[in-house]
Amino acid sequence: MEGSLWLGPLCNGNDSERMTALTDGLREVAERVHAISLTCWPNQVYCVRDSQGKAVTEPNDAMVREYERLGWKHAGFTRGYDALMNRWNYVKDLSEFSDAGELLASYAKNTRRNVKIARNSGVEVRRLNRSELNVFHDICELSSERQHFANRSLDYFERVYDAFGDKAEFMVAEVHLDRYLQSWEEKLAKFSKDVERLERSLEHTKYPDDVRKKLDTAQKNVESARRRIEDANERIARDGEVVPVAVGLFMWHERELVYFSSGSDDRYAKFYAPTALQHEMMSRCLERGVTRYNFYGISGVFDDPEDDGRGVLEFKQGFNGYVEELPGEFTLPVSKLRYGVNDLAHKLLRR
C-alpha cells in the first residue's frame, strides 16, 4: 500500500528537469501497483554543520521547494532518532591524515587520552567470525537493556554476515586481563622501589619537605597499583583472562565506512574499549584509502544536556568530525482520495 525509497531517489534534488522526470516515473510505477503513496528519504545533504551543530553551509531550501513543487509532502525538519532513516549523521573526513598517529592527534584531548588508556589496559580489536556472532548479539543486548531500545535477533546478524560477506565486519574489542594484571604488577614493583629509595633519602636529605611530598606520591601510587591488581584478579576470577567488552558492526563501501550498530559492557567502561574500536576502524580506513568515516546517527539536539542522545553525541564529538543534516522524509500521494482518508485516520488515532 505504501512504497519506500530509502536514501533515494538517486538524483540531484536541485535539478528540476530530472526531478520532474523521475517523480513522474515513480508515480507511474506506484499507480501500476495500486499504492496509496510513496515515501522517500533523500541522501542529499541539506546542511553541513560543525561538531557543535552550527551551520557552516547555507541550507539547501531550493531542494526542498523542488520536491514540494512536484507534489512531495515534507515531514519537516525533525530532531531525534527516526525509526527508519537518520536525518542527522556525524561524519569525519580522513583525507588529510596519512597515518594513525596524525589521526589520533586530531581527536579531542579526552578522546586521545582514552585511546591511550585502552591501549595500555590490554584492549585489542579483532574481527568476529560467524560462529562468534552470539558474542556480538549478547553485548548489544546489554546496551539495549541499558538504553531502552530493541536489539536485533541473532538470526538477523547471521543474515547480514552471509549477505554482505567482507563488506560487513563484526568487530569486537577485548580486554586481555592477564596483560593488564601483569602491567600493574610491574608498576607496583617500580612504585615500591621508589618508596624504598625515597625513605632512604629522607634520612640524609637537605630538603626533607620535598622528599616527603615525593614519598607521599609514591605511596599513593603503590596503593593505587594494589587496588588495580586486586580488581584485575577479581575480574579474572569472574570473567576469565580475555573478556569481550565492546562490539561494532561496520559496513565497508569504496566511498565510506559506516559505523552501523554497536554495544558495550558497562562494567568495563573505564577501559574505553568503544573508543579503541573507533580508532582502530578509522586507522584501517587510512590503510585502505577510504577517506570518509560515517559515525551514523545522532539525535540532532545539541543544546540540551538532558537529551536521550547526549551521551552518543558527546562520544562522537570527541573524534572532532562534523555533522551532515539530511532533508528528511517526503511523501508523494499517489491515490489522493485514499491518501487523504488514510492521513485523516492517522491524525484521529494520534488524538
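Strands (runs of 3 or more DSSP E) fully within segment 1-65 that include at least 2 residues being surrounded by fewer than 19 Cβ atoms within 10 Å (Cβ to Cβ): 2-6, 47-49.
In this structure, does ASN110 turn out to be over 15 Å from SER261 (Cβ atoms), in a helix (DSSP H, G or I), touching a residue at least 40 places away in the same chain (Cβ under 8 Å) and open to solvent by 90 Å² or more (accessible area, probe 1.4 Å)? Give the steps one after another, and end with the answer.
Details: over 15 Å from SER261 (Cβ atoms): yes; in a helix (DSSP H, G or I): yes; touching a residue at least 40 places away in the same chain (Cβ under 8 Å): yes; open to solvent by 90 Å² or more (accessible area, probe 1.4 Å): yes.
Criteria met by ASN110.
Selection of segment 113-133 for residues being open to solvent by 70 Å² or more (accessible area, probe 1.4 Å) and over 24 Å from VAL160 (Cβ atoms) yields ARG113, LYS116, ARG119, ASN120.
Those residues that are open to solvent by 100 Å² or more (accessible area, probe 1.4 Å) and either touching a residue at least 60 places away in the same chain (Cβ under 8 Å) or under 25 Å from GLY240 (Cβ atoms) (or both), I need them from segment 183-209; list them, please. Hit for segment 183-209 is GLU186, nothing else.
Could you say which residue among ALA163, ALA150 is open to solvent by 10 Å² or more (accessible area, probe 1.4 Å), farther than 19 Å from LEU128 by Cα and either assigned to a helix (DSSP H, G or I) or not β-branched (Val, Ile, Thr) (or both)? Working first, answer last.
On the way: ALA163 fails: farther than 19 Å from LEU128 by Cα.
After ruling out the rest, the residue left standing is ALA150.
Confirm whether GLU223 is touching a His at 6+ places or on another chain (Cβ under 9 Å) and either among the aromatic types (Phe, Trp, Tyr) or open to solvent by 80 Å² or more (accessible area, probe 1.4 Å) (or both). Here the answer is no, as GLU223 does not meet what is asked.
I'd like the full set of residues that are in contact (Cβ under 8 Å) with a residue 40 or more places away in the chain and either part of a loop (DSSP other than H, G, I, E, B) or of a type in the set (D, E, K, R) (or both), limited to segment 83-93.
Taking segment 83-93 first, the residues in contact (Cβ under 8 Å) with a residue 40 or more places away in the chain are 84-93.
Of everything in segment 83-93, those that are in contact (Cβ under 8 Å) with a residue 40 or more places away in the chain and either part of a loop (DSSP other than H, G, I, E, B) or of a type in the set (D, E, K, R) (or both) turn out to be LEU84, MET85, ASN86, ARG87, LYS92, ASP93.
Kindly indicate whether GLY13 is touching a helix residue (DSSP H, G or I) at 6+ places or on another chain (Cβ under 9 Å), more than 17 Å from PHE319 (Cβ to Cβ) and at pLDDT 95 or above. Yes; evaluated as a whole, the condition is true for this residue. Within segment 319-334, being within 16 Å of GLN52 (Cβ to Cβ) and open to solvent by 10 Å² or more (accessible area, probe 1.4 Å) holds for ASN320, GLY321, TYR322, GLU324. State whether the residues of segment 226-235 include one that is out of contact with any Gly (no Cβ under 6 Å at 6 or more places or on another chain), open to solvent by 40 Å² or more (accessible area, probe 1.4 Å) and not in a helix (DSSP H, G or I). So far as segment 226-235 goes, no, none of its residues is out of contact with any Gly (no Cβ under 6 Å at 6 or more places or on another chain), open to solvent by 40 Å² or more (accessible area, probe 1.4 Å) and not in a helix (DSSP H, G or I). For the residues GLY71, GLY80, the requirement of being surrounded by fewer than 16 Cβ atoms within 10 Å (Cβ to Cβ), modelled with pLDDT of 95 or more and either assigned to a loop (DSSP other than H, G, I, E, B) or among the acidic types (Asp, Glu) (or both) singles out GLY71.
The values are calculated or read from the model by the stated rules, or taken from the named source; none is laboratory data. Since the model is a prediction, treat every value here as computed from it, not as a measurement. Backbone-built Cβ (ideal geometry, glycine too); neighbour counts: all protein chains shown. Protein only, heavy atoms only, side chains kept; ligands, DNA and RNA dropped before computing areas. Shrake-Rupley method; radii C 1.70, N 1.55, O 1.52, S 1.80 Å.
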